[in-house]
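Take a look at the structure set out below.
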Amino acid sequence: MFQTIAIKKAKELGYYVICAAVGGDLPGKEAADEFYFVSTTDKYAILDLARRKEVDGILAYGTDVAASTAAYVSERLHLPTNPYDAVKVLTNKGKFRKFMTQRGYLTPKYGAFSDKEQAREFLTTMELPVILKPVDSSGSKGVAVIRSNEEFDLRYDEAMSYSLSGCVIIEEYIVKEGYQIDGDGFVRDGKIEFLGVLDQHNHIELNPHAPIGLSYPSIQEKKYQEEAYEIMQGIFTDLGIRFGAFNYEYIIHNNKVYLLEIGPRNGGNLIPDTVFHATGVDMTEASIRACVGDDYTEALRVKKHGIATSYVIHSSSAGIFEGIEIDPRLQDHVLEMYVSTRVGDEVYRFRNASDDVGAMVLSFDDVDTMCRYMDEMWEHVRVKVREP
């Protein structure tokens, strides 16, 4: 769904768009000028396709799993890109934690494992609870909090099922202070040119670690945002990141910034759209223009100071989808709305991004009102389901 937005934007900008993907529901197939059933994780197959089509640029939008492929192919075809080795660090949670530790950045205690018994042994050295997740998935897929040794077996197997490389990470559970930050930014000529800082909202009863919305501007103190900026700029300098969009997450604990992730791509959950409606900064356009070497100066210019939020439409219970009911008081606040589920489809109780029904962007007149709505938005955007 989110990739389709980028495809349509590229076509609006006058580019000829060739897409590749495999899987079930592929909405981008109809939006693109050409479509090929090739896995975006198969870097050799994508390289072959890119050579045959003589492409001018490659963009992995809204997902980490294709980012390293895009960098690998771009390097070999001498197209605009960041270093392949740097992108591999940013798209693998184990490699990223190792990099952070070696460079002296503040990071949770962790261990990465492909062997279940080794992971179990490491778990005995950690104070519970801990976080368990795949090293190379996105959208909170396979992420779990382990509060007892009994939970380990089930959660380990689930996390492993989401890992492309067959590896999971166990890391220290750090209690956050205030909202977790989940934002998008853009690097230009090696420097962070724009940093969109958004507060992450969660449906605590369903999954306190999976985002159901991101709101802009953040209510967090500026000093933490400035500290996070400096940390990320140092990382980009160390890795040799030259340009492009990035998605990042961090929390505050004991008045310190703990950077959790940096993804070398635009964020999902309509983060770029939310930032655009609030600021006029179009990071989707900037990403498209940058990947082919075109100028993107105007796309990154801040044009206004508004208030906007994304919302992941989801169900609190499993069943057969019958539709969406929106509180009439919200109708005038809706800027964009995408529904990816059809009436009659099966829906699931929300666990992670794979369980969404759709997504939307809303605007508000003030931040307090936005946050009040976002902390219980599922009461105002109701997913109607019936029993099978």
> What ³J(HN,Hα) values, in whole Hz, does the Karplus curve 6.51 cos²θ - 1.76 cosθ + 1.60 give for the stretch 301-307 when θ = phi - 60°, with x put for Gly and Pro?
Replying inline: 7, 6, 10, 7, 10, x, 10
> Taking amide hydrogens as modeled 1.01 Å from N in the peptide plane, which residues meet the under 5 Å criterion relative to V65, leaving out close sequence neighbours?
Replying inline: none
>> Considering the Cα positions of the stretch 271-388, please state its Rg to one decimal place and its Dmax as a whole number of Å.
In response: 16.7, 52
>> Below 19 Å, Cα to Cα, which lysines can K29 reach? Residues fewer than 8 away in the same chain don't count.
In response: K8, K9, K11, K53
> Out of D184, D295, D273, any idea which swings most in a Gaussian network model of the chain, alpha carbons joined below 10 Å?
Replying inline: D295
> Which entry in (i) 18.8; (ii) 20.6; (iii) 26.0 is this structure's computed mean projected area of the Cα convex hull in nm²?
Replying inline: (i)
>> Straight-line reach only, C-alpha to C-alpha below 29 angstrom: list the lysines that K256 could link to, leaving out same-chain residues fewer than 8 apart.
In response: K88, K93, K95, K98, K109, K133, K141, K176, K191, K222, K223
>> Please list 3J(HN,Hα) in residue order for the stretch 199-207, calculated via the Karplus relation 6.51 cos²θ - 1.76 cosθ + 1.60 where θ = phi - 60°; whole Hz, with x for glycine and proline.
In response: 7, 8, 10, 9, 8, 4, 5, 8, 6
> Roughly how many nanometres apart are two label points built 7 Å out from the Cα toward the Cβ at D294 and D375?
Replying inline: 4.4
> Given R₀ = 35 Å, FRET efficiency for T124-N254 by Cβ-Cβ distance, to 0.05?
Replying inline: 0.85
> How far is it, in nm, from the label point at V145 to the one at R51 when both lie 7 Å from their Cα along the line to the Cβ?
Replying inline: 5.0
> Hey, how many Å between the Cα centroid of the stretch 216-290 and the Cα centroid of the stretch 355-378?
Replying inline: 20
> Using every alpha carbon pair in the stretch 181-386, what percent of pairs falls into each 10 Å bin from 0 up to the bin containing the largest distance?
Replying inline: 8, 33, 34, 19, 5, 0
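Computed from the coordinates by the stated procedures, all read-outs in this text should not be read as laboratory data. Owing to the predicted nature of the structure, the values given are computational and were not obtained by experimental measurement. Positions of Cβ are backbone-derived with ideal geometry, glycine not excepted, and every protein chain shown enters the neighbour counts.
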